[in-house]
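Visitor: One structure, as structure tokens, below. Some questions next.
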There are 2 protein chains.
Amino acid sequence: MSGNLPRIDGERLWRSLMEMAEIGPTANGGSGRVALTDLDRQGRDRFRGWCIDAGLDLRVDRCGDMIARRPGRNADAPIVVTGSHLDTQPLGGRFDGVYGVLAGLEVIRTLNDHGIETEAGLELVNWTDEEGVRFGGGCLASAAFAGRYTVEEVLARRDPDGLSFGDELQRIGYAGDAPCGGYPVAAYFEAHIEQGPVLETEGCQVGVVLGGQGQFNFMVTVRGEEGHAGTLPMTQRRDAFVGAARMAVALSELPGEVEPPPVITTGFVRVSPNSRNTVPGTTTFSINCRHPEAATLAELERRIRDLVAGIAETAVLDVAMEKTSEAPPVTFDGGCAAAVRDAAAALGIAHRDMVSGASHDAFNLARVVPTAMIFVPCERGISHNEAENAKPEDLAAGCDVLLRAMLSRAGVA
Amino acid sequence: MSGNLPRIDGERLWRSLMEMAEIGPTANGGSGRVALTDLDRQGRDRFRGWCIDAGLDLRVDRCGDMIARRPGRNADAPIVVTGSHLDTQPLGGRFDGVYGVLAGLEVIRTLNDHGIETEAGLELVNWTDEEGVRFGGGCLASAAFAGRYTVEEVLARRDPDGLSFGDELQRIGYAGDAPCGGYPVAAYFEAHIEQGPVLETEGCQVGVVLGGQGQFNFMVTVRGEEGHAGTLPMTQRRDAFVGAARMAVALSELPGEVEPPPVITTGFVRVSPNSRNTVPGTTTFSINCRHPEAATLAELERRIRDLVAGIAETAVLDVAMEKTSEAPPVTFDGGCAAAVRDAAAALGIAHRDMVSGASHDAFNLARVVPTAMIFVPCERGISHNEAENAKPEDLAAGCDVLLRAMLSRAGVA
């Protein structure tokens with residue numbers, strides 16, 4: 001069968017990627033469509049139009065996930081799902097997430113072009129808020145799909161301005177009423193740029209992703225005492241920002257003491273009152289820590305808690321650490337990974353097995369359905385950056401692999 | 001004459017302070033009326049009403065300064081001016097600035113109550129944006145009054161969101177057309193809480209302020225490279241926030257190496273893109289450095305530049321330092337200071353000479369007119385803080401001194 005399968009249209013895929021990038025363009029060629037903003041709505045609206053044009057049945061679930069179905073011959077067969085996300089970092093790239101959604105769309109367009117029916121139905125999903133910019137954790141909607149959180153817990157999440165996930169979903173018109181998850185799925189495949197340098201360095205077009213790093217996230221609030229910048233002697237200060245800065249520096253040095261090294265990032269910082277003439281009274285900052293081994297993650301959490309508490313004590317600052325989310329290391333389904341590997345081999349595409357450094361909605365899906373991911377190279381491994389880039393031929397190769405992996409699970413005549 | 005002068009009404013002064021604090025109240029009992037916001041407008045509107053009720057002629061100059069005049073018998077005599085500011089820090093107190101404006105109002109109300117005419121006219125000023133929260137420098141309007149900047153330079157200043165001083169002034173309805181400065185002034189007195197612990201510690205009700213610290217301000221922009229928090233190895237990162245944090249920690253330690261020690265503050269911090277899953281590409285932060293000696297300030301500037309450049313070089317980060325403002329140490333007019341000292345002595349109020357740790361609009365006025373300040377104690381020296389507090393009897397004592405100092409310069413029959 002495989003030999004008769006059509007190839008996807010790489011130019012059409014690229015064109016759709018560039019058309020999506022017209023929404024929320026950033027000054028330096030990237031994309032900014034933060035989840036549940038007006039620009040996210042515009043991106044969703046464009047995708048909805050494409051799904052309708054492709055003849056798909058679109059529904060929106062209670063977490064705002066957009067699910068486009070292409071029915072199969074056998075309505076009782078568990079469906080085969082692909083997808084990713086259209087939301088981006090505030091200064092993100094054109095490919096992170098978007099590629100997985102539009103590669104899935106290109107698979108369906110190609111099947112439509114060639115009149116190919118599948119035994120099981122196919123679904124294409126745009127997961128809500130993968131990036132986790134606003135609500136203290138990423139992949140929240142796919143986590144609800146997988147039963148890690150209830151829908152109510154996700155909708156109640158608030159951003160730093162106090163706006164809730166649920167209210168913002170209502171505001172942009174994507175608060176659906178379809179249930180989030182809870183139906184049988186045969187397999188989930190997600191195509192994505194690697195977001196690291198391995199494939200490019202090794203000259204591979206496709207990564208067969210076997211699993212991913214675990215991680216935990218903290219939001220740390222350091223409280224000292226505000227004071228006048230001109231009159232409060234240095235020796236009497238309880239400066240919340242200087243304390244937080246000491247913590248961030250120490251956190252950045254911790255990975256050098258662990259083998260293999262984790263990654264630890266302070267990406268979000270908020271200083272209050274944030275006035276140059278006032279000694280900061282409060283500073284809030286994030287800690288993201290990732291490692292492939294569960295035992296090492298547990299040890300890192302202990303060390304990070306000690307480090308933060310020790311600096312706070314020395315500086316006479318109060319500190320509160322809220323663990324906003326955590327996820328264990330993930331192992332994908334061997335059969336799904338084999339389907340990806342076999343497809344790449346059949347197409348003569350250079351490929352290698354690998355572990356994902358970034359986390360993805362697929363990590364949540366893997367808890368409840370057989371899952372694998374398909375990586376393609378991105379330039380210099382740069383991602384979460386306006387300069388994020390990928391080659392049309394690599395994106396097309398990954399999409400061809402996705403088509404074959406999906407059909408291997410959905411079944412064609 | 002002095003023996004016949006009336007005492008101000010301390011209860012009325014306190015009541016006015018509390019009524020102003022109804023505008024922009026903060027959660028913990030402070031005030032938040034940042035310059036050129038809607039709350040600043042509301043505070044100005046309330047003050048305008050009080051000036052009109054007191055029979056004053058109110059004009060607004062091109063920088064938004066509100067100037068209320070009480071004519072004297074001799075229209076040709078240079079006027080005697082008092083004032084301060086109604087704008088506050090984002091989480092400021094009820095007294096910083098507000099006291100000086102409303103003490104001036106109480107002086108005028110008292111003169112009205114007793115039908116006291118002065119030879120020279122009196123003016124009461126609410127200076128625009130003393131606090132410098134938004135536009136990269138405080139006391140900008142009084143600086144224009146004193147000719148340190150042109151009005152156009154002040155109006156062109158922009159806040160971090162790109163809004164200009166002039167446009168925001170228009171928006172709140174306080175872009176006046178009166179000239180800013182340029183007329184003869186006999187003396188300027190400004191009453192203010194000390195914002196430090198000296199008067200309280202020494203049991204004095206009034207500080208005779210002889211001058212103040214000099215200072216300089218930098219806005220520092222550190223640029224590295226954004227990257228994905230999960231995939232970019234620590235060893236390959238150019239993390240702008242970690243670099244800025246190292247600088248802030250080193251800056252906080254520098255004062256310990258200088259005698260007498262300066263104060264150095266990083267009060268404003270902005271991280272971009274400020275997402276917990278992205279290695280920060282850019283971090284902007286403020287440096288405020290103050291010291292009473294000009295030579296030491298120059299040496300501190302050199303050391304701060306070296307410190308910032310050295311950390312940036314080690315961390316392979318780009319750095320730009322913009323000096324947003326600077327002001328030399330200030331010496332007030334001996335005659336005006338003597339008028340304050342004599343008034344306190346005549347009233348039997350415990351007082352001492354001192355240097356101001358904070359800067360004030362009076363620092364600008366001192367460049368062009370004979371100037372002195374009157375300090376009163378504040379609780380634990382806490383200021384630029386919602387917990388800022390002062391005793392009604394101390395505020396009344398300072399106001400009585402202000403009345404006598406002003407009349408000694410304006411002349412009464």
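Visitor: Out of the residues in the stretch B:367-411 meeting the condition of being hydrophobic (A, V, I, L, M, F, W, C) and closer than 14 Å to B:ALA186 by Cβ, tell me which one is surrounded by the fewest Cβ atoms within 10 Å (Cβ to Cβ).
Guide: Checking each candidate, the answer is B:VAL368.
Visitor: Which one of these does B:ALA240 not meet: (1) facing chain A (nearest Cβ under 8 Å); (2) within 30 Å of A:PRO255 (Cβ to Cβ)?
Guide: Against the list (1) facing chain A (nearest Cβ under 8 Å); (2) within 30 Å of A:PRO255 (Cβ to Cβ), B:ALA240 comes up short only on (1).
Visitor: Something else now. Take the stretch A:243-271 and flag every residue that is more than 18 Å from A:MET321 (Cβ to Cβ), within 7 Å of another protein chain (Cβ to nearest Cβ) and in contact (Cβ under 8 Å) with a residue 40 or more places away in the chain.
Guide: A:VAL263
Visitor: Could you list, ordered by first residue, the pairs with Cβ atoms under 7 Å in which the first is in the stretch B:372-388 and at the interface with chain A (Cβ under 8 Å from one of its Cβ atoms) and closer than 18 Å to B:VAL206 by Cβ and the second is buried (at least 24 other Cβ atoms within 10 Å of the Cβ) and among the hydrophobic types (A, V, I, L, M, F, W, C), at least 6 apart or interchain?
Guide: B:SER383/B:ILE193
Visitor: Okay, moving on. Among the candidates B:GLU200, B:GLU225, B:GLU253, which residue alone is surrounded by fewer than 24 Cβ atoms within 10 Å (Cβ to Cβ) and in contact with a Cys (Cβ under 8 Å, 6 or more places away or on another chain)?
Guide: After applying the criteria, what remains is B:GLU200.
Visitor: When the stretch A:68-98 is examined, which residues are found to be away from every other protein chain (no Cβ under 14 Å), crowded, with 24+ Cβ neighbours inside 10 Å and of a type in the set (S, T, N, Q)?
Guide: Listed by number, the residues that qualify are A:THR82, A:SER84.
Visitor: Output the residue which, of all residues in the stretch B:256-297 that are buried (at least 24 other Cβ atoms within 10 Å of the Cβ) and of a type in the set (D, E, K, R), is modelled with the lowest pLDDT.
Guide: B:ARG276
Visitor: For the stretch B:99-107, check the following and say yes or no: at least one residue is in contact (Cβ under 8 Å) with a residue 24 or more places away in the chain, crowded, with 23+ Cβ neighbours inside 10 Å, more than 19 Å from the chain's Cα centre (by Cα) and assigned to a helix (DSSP H, G or I).
Guide: Yes, because at least one residue in the stretch B:99-107 is in contact (Cβ under 8 Å) with a residue 24 or more places away in the chain, crowded, with 23+ Cβ neighbours inside 10 Å, more than 19 Å from the chain's Cα centre (by Cα) and assigned to a helix (DSSP H, G or I).
Visitor: Take the residues in the stretch B:2-39 that are in contact with a helix residue (DSSP H, G or I) (Cβ under 6 Å, 6 or more places away or on another chain) and among the hydroxyl-bearing types (Ser, Thr, Tyr); name whichever of them is nearest to B:HIS192 (Cα to Cα).
Guide: So, considering only residues that are in contact with a helix residue (DSSP H, G or I) (Cβ under 6 Å, 6 or more places away or on another chain) and among the hydroxyl-bearing types (Ser, Thr, Tyr), the one nearest to B:HIS192 (Cα to Cα) is B:SER16.
Visitor: Of all helices (runs of 4 or more DSSP H) completely enclosed by the stretch B:120-235, which ones contain at least 1 residues that are hydroxyl-bearing (Ser, Thr, Tyr)?
Guide: B:140-145, B:198-202
Visitor: OK, next. Can you name every residue in the stretch B:1-44 that is β-branched (Val, Ile, Thr) and either touching a residue at least 60 places away in the same chain (Cβ under 8 Å) or touching a strand residue (DSSP E or B) at 6+ places or on another chain (Cβ under 6 Å) (or both)?
Guide: B:ILE8, B:THR26, B:VAL34, B:THR37
Visitor: I'd like to verify a number: residues in the stretch A:106-152 that are under 26 Å from A:GLY72 (Cβ atoms) and basic (Lys, Arg), how many?
Guide: 1
The values are calculated or read from the model by the stated rules, or taken from the named source; none is laboratory data. No experiment lies behind these values; they were computed from the predicted model shown. No Cβ is skipped: glycine too gets one built from the backbone with ideal geometry, and neighbour counts run over all protein chains shown.
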